[in-house]
Amino acid sequence: MMIPPAELVALIAVFAATVSALTFSVPSKVGTGGYSYAPLEEAPVGISFEFFAFPSYFTNVTSTEQCLSNWKDLAGVWPPIRIGGTTQDRASYNASTSAYVVYTVASPSDAPSTLTFGPKFMRLANTYGGSVVLGLNRGKNHLSNTIDAAKAAVSEMSNLLAIELGNEPEYWKSDGQPIASGTWSPATDAASQNNWDTLVGNAVNRTNIIQAGNSNSLPPTWGAEELIATENSTVKQYIQSYAHHNYPGGTIQSLMTHSTTVSNIHRFDADIAAALRVGKPYVFGETNSVSGGGAAGVSPTFGAALWTMDYALRATYSNMSRTYFHHGTVGNCQYCFWGRYSMGAPYYGATAAVALLARASYLTALDTGKTNYAAYVTFDSAGTPLRVLLYNSDYYAGSGTRSSTPFTLTGLTMDSVKAKRLTAASALSRPDQGGNPSFGGQYFNNGTCTVGGTEMYETTAVSGGQATFMLKATEALLVYLQ
Ligand SMILES: *[C@@H]1O[C@H](CO)[C@@H](O)[C@H](O)[C@H]1NC(C)=O
Ligand SMILES: *[C@@H]1O[C@H](CO)[C@@H](O)[C@H](O)[C@H]1NC(C)=O
Ligand SMILES: *[C@@H]1O[C@H](CO)[C@@H](O)[C@H](O)[C@H]1NC(C)=O
Ligand SMILES: *[C@@H]1O[C@H](CO)[C@@H](O)[C@H](O)[C@H]1NC(C)=O
Ligand SMILES: *[C@@H]1O[C@H](CO)[C@@H](O)[C@H](O)[C@H]1NC(C)=O
Ligand SMILES: *[C@@H]1O[C@H](CO)[C@@H](O)[C@H](O)[C@H]1NC(C)=O
């Protein structure tokens, strides 16, 4: 068959573009190849629990412990958790209540407009094997009550990493929070934070105890850079870390597109740099796909799972120390990784990210961040490559032909490599609707989060230090180099 010259040229051009864009050279050692390397905490991927719902998740949702312990099995340590959210600024401490938390709601799908909590709340948090960030109330402007709660947290919780003083203060004016009754702006909030950080830190006699910031509105108006510029050394000594919240939103397709995620994370570059300059970690203290509990058509899908994976990794690559994915009202939470009865697709993506990062010391990204295709590499403590994660964020919604793209890795030193595939029927797949994703052939059981199915690795031959992997649109592959 004759191929007309014009089409041949076009074909060659497409082939050449694909090959050059999707050949990634795996650095032989950390620090080489002109890439940027992020040092890793033991467990960069964490979970945030809405304040009032935390006791339910820990006492009355079977999957919670298993979902967290699946990650401990991979990483060797329990994932970090944060307890907080809008209801932390509706909560008052009551030292004499024997309940974890006391509130009434009209419907189980509601969040309470006011609540109290007792010392048992902190004792429950202290049963957890990982670190805990606890969010306390500033909005109510009831300093002595918050100091009482902070003292109880410090004395009851051996796993307490930090205390937040207020959640998303930029919304307090419209929420009618007493502390924002006069002028309320980034500057007045910063002065308030600095004052409270000093008073609470002093009252509990702990430095490095406050997770500051905690805004959702974008930097530089609200954020660490703006806050740090207002802090003297007395305030700084009480600060453990700076946190920002983030809910990128959008359609499934825009959410899961790699270049969109990279642009979204770049909005925090200056804030991260400002925190690192004063020697403090920067975290996403509360984040997920779409604000307000998630969007029904977006947040529970496999596309959102792939976003979760890529986003956690890109944030970590950008030197965010930890990323806490938020979990709201049990039974009314589109973006939750698990619920009482069923699994959420995003857990699969987060688990793939945890599997890449597990027991690793450094992370780099080999891609430009400008296309649909990503390649991340982790390194062990000796600086040797450990694993590679490849991501094809081309959108496949279940109809028509599903394209496949070759990803070539060079610089490999073994004869063959094994890999685990993260896949599902389409970007719209949801486990609660029968569209179970799989990771290495395995799935997570509804209601328990136990692993089901047989673990499956694919083996690919390496020739001349190169191996090529086919990734379908809307798929990821975790390649094991050791
Ligand atoms: C646990 O959850 C179920 C289902 O929502 C509810 O009926 C029950 O009261 C809860 N139990 C406790 C101890 O919270
Ligand atoms: C605190 O808890 C005690 C014991 O349940 C209760 O009697 C008291 O009314 C509570 N105080 C507030 C302010 O809720
Ligand atoms: C530092 O800032 C805190 C909080 O605004 C304030 O209470 C303290 O007086 C300041 N210290 C100095 C030495 O300026
Ligand atoms: C505060 O903590 C320091 C050690 O961190 C200790 O030396 C000091 O006695 C404590 N002060 C009070 C008032 O407990
Ligand atoms: C992250 O921090 C390391 C130093 O610890 C630095 O070498 C690297 O360039 C930073 N990454 C980014 C994306 O800025
Ligand atoms: C989870 O439950 C849904 C709805 O009943 C079902 O379709 C799906 O197959 C279940 N997933 C697993 C892994 O059993």
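The values are calculated or read from the model by the stated rules, or taken from the named source; none is laboratory data. Values in this document were obtained by computation on a predicted structure and should not be read as measured data. A quick note on method: Cβ atoms are made from the backbone with ideal geometry, for glycine too, and the neighbour counts reach across all protein chains shown.
Quick check: is even one residue across segment 62-72 among the aromatic types (F, W, Y), closer than 26 Å to V330 by Cα, within 16 Å of ligand 2 (Cβ to nearest atom) and buried (at least 20 other Cβ atoms within 10 Å of the Cβ)? Within segment 62-72, none of the residues are among the aromatic types (F, W, Y), closer than 26 Å to V330 by Cα, within 16 Å of ligand 2 (Cβ to nearest atom) and buried (at least 20 other Cβ atoms within 10 Å of the Cβ). Applying the set (1) part of a loop (DSSP other than H, G, I, E, B); (2) not assigned by TED's automatic domain parsing to the domain that holds A274 to N319 leaves exactly one unmet item: (2).
Determine whether A352 is crowded, with 21+ Cβ neighbours inside 10 Å and in the same structural domain as T251 (by TED's automatic domain parsing). Answer is yes for this residue.
Every test in (1) within 16 Å of ligand 1 (Cβ to nearest atom); (2) among the polar types (S, T, N, Q); (3) buried (at least 24 other Cβ atoms within 10 Å of the Cβ) is passed by S289 save one, and that test is (1).
Quick one: in segment 171-200, which of the residues that are charged (D, E, K, R) and either free of Cβ contacts under 8 Å to residues at least 12 places away in the same chain or surrounded by 18 or more Cβ atoms within 10 Å (Cβ to Cβ) (or both) is nearest to ligand 3 (Cβ to nearest atom)? Applying the filter and picking the extreme gives D197.
Among the helices (runs of 4 or more DSSP H) confined to segment 214-296, the ones with at least 2 residues that are touching a strand residue (DSSP E or B) at 6+ places or on another chain (Cβ under 7 Å), closer than 17 Å to Y317 by Cβ and assigned by TED's automatic domain parsing to the domain that holds P346 are located at 269-277. Taking residues in segment 329-350 that are more than 16 Å from ligand 5 (Cβ to nearest atom), and partners anywhere that are β-branched (V, I, T) and outside any loop (DSSP other than H, G, I, E, B), the pairs with Cβ atoms closer than 8 Å and at least 6 places apart or on different chains are F337/I47; W338/T64; P346/T308; G349/T308; A350/V45; A350/T308. For N141, only one of the following conditions fails: (1) over 25 Å from the mean Cα position of the chain (by Cα); (2) part of a helix (DSSP H, G or I). What is its number? Failed condition: (2). Residue selection: V283 fails the criterion of being closer than 20 Å to F444 by Cα, modelled with pLDDT of 95 or more and β-branched (V, I, T).
Whether a residue is in contact with a Leu (Cβ under 8 Å, 6 or more places away or on another chain), at pLDDT 95 or above and not aromatic (F, W, Y) was assessed, and A99 does not pass this test. Tallying residues that are of a type in the set (S, T, N, Q), under 23 Å from S215 (Cβ atoms) and over 11 Å from the mean Cα position of the chain (by Cα) within segment 277-305 yields 2. Remark: pairs (first residue in segment 370-393, over 16 Å from Y311 (Cβ atoms); second residue of a type in the set (A, V, I, L, M, F, W, C) and modelled with pLDDT under 95; Cβ separation under 8 Å; 6+ apart in sequence or on different chains) = T371/A21. One residue alone among T474, T401, T454 is surrounded by 15 or more Cβ atoms within 10 Å (Cβ to Cβ) and modelled with pLDDT of 95 or more, and that residue is T474.
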